[in-house]
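The values are calculated or read from the model by the stated rules, or taken from the named source; none is laboratory data. Note that the structure is a prediction, hence the values are computed from the model and not measured. All Cβ positions, even for glycine, are placed from backbone atoms using ideal geometry, and neighbour counts span all protein chains on display.
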Amino acid sequence: METQFIGRAFTFGKNIDTDQIYPGRFVELTREKDIARHAMEGADPEFVKQFKAGDIIVASTNFGCGSSREHAAITLKAVGTACIIAESFGRIFYRNAVNLGLPVLVCPGVSQHIDKGDELSVNIETGLIKDLTTGKDLHAQPLTGYPLKILSAGGIKTLIREKRTQRH
Amino acid sequence: MHAIEKIMARAAGEKEVTTGQIVNCRIDIAGINDLYLQTVRSFEEMGGIKVAAPDRVIVFFDHYAPASTIIQAENHKHFRTFCSQQGIEQLCDVNCGVCHQVLADRGMSGPGKIMVVTDSHTTTHGAFGAFGTGVGATDMGVILSTGSLWFRVPEIIRINLEGELGPGVSAKDLILHIIGKLGADHAVYKAVEFCGPLLKRLSISERMALCNMTTEMGAKTSYIQPDDITFDFLREKGVEKFETFFTDPDFSYAGEYNFNATGLTPRVAAPHSVDNVFPLEDYAGTRIDQAYLGTCTGGRVEDIASAAKVLGGRKVHPEVRFLVVPASKDVLLEAMAMGHIQTLVQAGATLVSPGCAACLGTHQGMLTDSEVCITSANRNFPGRMGDTGAKIFLSSPASVAAAAVAGEIVDPSPYFVTGRPL
Ligand code: SF4
C-alpha cells in the first residue's frame, strides 16, 4: 500500500456519525458499487457528486461515532477516499477502516488548520501532513504496530488469507 | 490490574496486560446481527471455509425482522443457509428480539466473558461484569475464521454514582445527564466503570441501560463489578458457573467522576446528538407525532411496566402513534403475564414484534420530514429513524409514555408520586 499521497481536502465538523455517513435504510445492500452511491448522504447529499477519488476527508472529533456498520467505511473506501484525518474517531469505525485498508490518522487540532479544497500531502508512516495551499505543516500520530501492519497488507483479509496459506 | 484487564489477560493467555498493549483474545460469545451479511462475505473473502468455533457463535435476526424488503428476506435466507452449513445451532430467528436482551434472557451474558457482537451497544454486557464490545463485519469475519480477535487494552475511567433517584426518574435520565456533562466523545477508545452506593439499588435492567449508553460516550466497553444482584439474576437463569474478577486496590484510573442522583429531574437529549441534554421541562409542550418505547436501552419488562403505570386507565393522544416494542420474546411474554401489554394496547398503543423496529430507521415506524418522535432508544442522529428532517428526543421510558398520553413532551414524575392526583 502507498504510504504517501497528495489530495484535496473535504472537511466535516464534529460527531459525524455512521447514520450520516451511511443511512441505516441502505445497510441491506451488500455490493460495493451500490454502497458507494450513498456515501455521506446524511451529512451532505451533494458529497457523492463533488468528491473525487484521491480526495482526503478531514474532520473534527469523533468521526464515525455510532453504529458498527462497516458500510460507513466501505462506502468511503469505495468512493476512493485516500485517507481520513480527524481529531478522533469512533472506535468501531476506526477498526473497520483499518481492516479494510483505508488509512485513518488521528491529528489533534486538524479541523482548525485545514480548509475545504486545500491541497494536502500526507505521509501515514511519519504522520506529517503538509497543507500545500497554506504552507502549514501538521503532525498526526503516525500509524504503528498491528494497525500499520494491517494497512500495509492492504487490509486484514489479506493478512488472514496469508496466515491461512502459510499454515497449510 | 483492573478486572477488565484480568478478563482480557485470561482470554489472551497472558499473566498480565497493561494499557495500550495489543492482545489477541479468545472470544467466548460471538454474535452476528442480520444486518451484517457482510460478515459472511468477509469470512469467505479471507478464504474461510469452516467456522472456527460454531458453538460460540450466535446469530440474531433483530434489526429488520421480519423482513420488510426482498433484499432483507434474501439476507435472512442466506444466514439460515450459512448457519446450517456451518453447524451454528444458535440462530435466533424472527421474533426472538434484540441481540443484547436475548443474550441476557438466556443467561449468556455473565462475569468474566469476552462478548463480541456486530452491534455497537455490546457495552451493555458490562452490566454483568463481562467485557462486551461491538465490532464491524470484517472483525467478526476474523473471529469466525480464527475464534479470536485483537484488542488494545483500554484506559479505564470510573464513574461513581451516589444519592437516590426520585419518583419517575430512572437510570436512563441519569445516564443522559452524565453524557450531557461529559460529552459524546469523552470515553472514545476507553472503558467506563460504574461504581458507588447508588448502584446497589439499581436492578439489572437499569444497569443494562447505563452500560448500553456508554457507547454514546464512545466507550469501547463498560463494567459493573458483579454483586448479589448480578448473581441472583444469573441463578434465576439457571447459571451456576462463572468466573468473577476483581480490580486490585492499587489500580489507577484514567479519570474519576462523581454524580449524585438526588434532585435530578427527568432529562431529554434533544436533536441531533446524544450529548445535547437538557432538563425535560425545557422542552415541555413540544408536540410529538410518535412515541417509541423499546430497544436494547429501554424495552425491558420494567420499562414496559412503567409505561403501563402511566397509561393504565388512560388513552394515547389521538394524534400520536405510540409504538411498544418489547426487546425480546421473553420480555413480551413476561409483560403479557403481568397484564401490561393488555393495558397498553387497550390504551391505544401499537404492539410491534420484538426486535429493533424503528430504532435504526429500516422499518416499523419510520419518520418523515419535520415529524417529532420521543423514544427510550439511545440515538437521535439526523436520519436515524428515517428522514434527516425528523426530530428525535431521547428520554426515559416513563417520559415516552407520558408524552404518548399528552401528545407533547411532559414531566412523567407526577404519575409516580403516590397519593398525588394528576
Ligand atoms: S435496538 Fe437500536 S440500538 Fe439496540 S441493537 Fe437494535 S438498532 Fe441497535
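Tabulated data
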| item | result |
| --- | --- |
| Options B:Ala284, B:Ala254, B:Ala307: the member that is among the hydrophobic types (A, V, I, L, M, F, W, C) and not assigned by TED's automatic domain parsing to the domain that holds B:Ala401 | B:Ala254 |
| For B:Ala305: the one exception among (1) in a loop (DSSP other than H, G, I, E, B); (2) among the hydrophobic types (A, V, I, L, M, F, W, C); (3) free of Cβ contacts under 8 Å to residues at least 60 places away in the same chain | (1) |
| Filtered residues of the stretch B:1-31 (kept if among the acidic types (Asp, Glu), under 22 Å from B:Tyr253 (Cα atoms) and not in a helix (DSSP H, G or I)) | B:Glu14, B:Glu16 |
| Residue in the stretch B:347-356 that is nearest to the ligand (Cβ to nearest atom), counting only those that are away from chain A (no Cβ under 12 Å) and not in a strand (DSSP E or B) | B:Gly355 |
| Single residue of the stretch B:75-97 satisfying the filter (touching a residue at least 12 places away in the same chain (Cβ under 8 Å) and within 14 Å of chain A (Cβ to nearest Cβ)) that is surrounded by the fewest Cβ atoms within 10 Å (Cβ to Cβ) | B:His78 |
| The stretch B:323-339, residues that are buried (at least 24 other Cβ atoms within 10 Å of the Cβ) and away from the ligand (no atom under 16 Å from the Cβ) | B:Ala335 |
| Condition broken by B:Thr368, with the remaining ones in (1) more than 16 Å from the ligand (Cβ to nearest atom); (2) surrounded by 20 or more Cβ atoms within 10 Å (Cβ to Cβ); (3) within 24 Å of B:Asp62 (Cα to Cα) satisfied | (2) |
| Inter-residue pairs, beta-carbon under 8 Å, first within 14 Å of another protein chain (Cβ to nearest Cβ) and in the stretch B:284-300, second in a strand (DSSP E or B) and within 12 Å of the ligand (Cβ to nearest atom), 6+ apart | B:Thr295/B:Val325; B:Thr295/B:Thr375 |
| Candidates B:Gly129, B:Gly112, B:Gly183 - the one that is within 14 Å of chain A (Cβ to nearest Cβ) and more than 16 Å from the ligand (Cβ to nearest atom) | B:Gly183 |
| Some residue of the stretch B:67-74 being within 14 Å of another protein chain (Cβ to nearest Cβ), in contact with a Lys or Arg (Cβ under 6 Å, 6 or more places away or on another chain) and either buried (at least 24 other Cβ atoms within 10 Å of the Cβ) or part of a helix (DSSP H, G or I) (or both) | no |
| Residue ID - nearest to the other protein chains (Cβ to nearest Cβ), chosen from residues in the stretch B:136-172 that are among the β-branched types (Val, Ile, Thr) and either more than 30 Å from B:Gly13 (Cβ to Cβ) or surrounded by fewer than 24 Cβ atoms within 10 Å (Cβ to Cβ) (or both) | B:Thr146 |
| Options B:Leu161, B:Leu199, B:Leu165; residue that is touching a residue at least 40 places away in the same chain (Cβ under 8 Å), outside any loop (DSSP other than H, G, I, E, B) and among the hydrophobic types (A, V, I, L, M, F, W, C) | B:Leu161 |
| Verdict on A:Glu2 being over 26 Å from B:Ile71 (Cα atoms), free of Cβ contacts under 8 Å to residues at least 12 places away in the same chain and of a type outside the set (Gly, Ala, Ser) | yes |
| Criterion (under 30 Å from B:Trp150 (Cβ atoms) and either within 14 Å of chain B (Cβ to nearest Cβ) or surrounded by fewer than 19 Cβ atoms within 10 Å (Cβ to Cβ) (or both)) met by exactly one of A:Gly117, A:Gly64 | A:Gly64 |
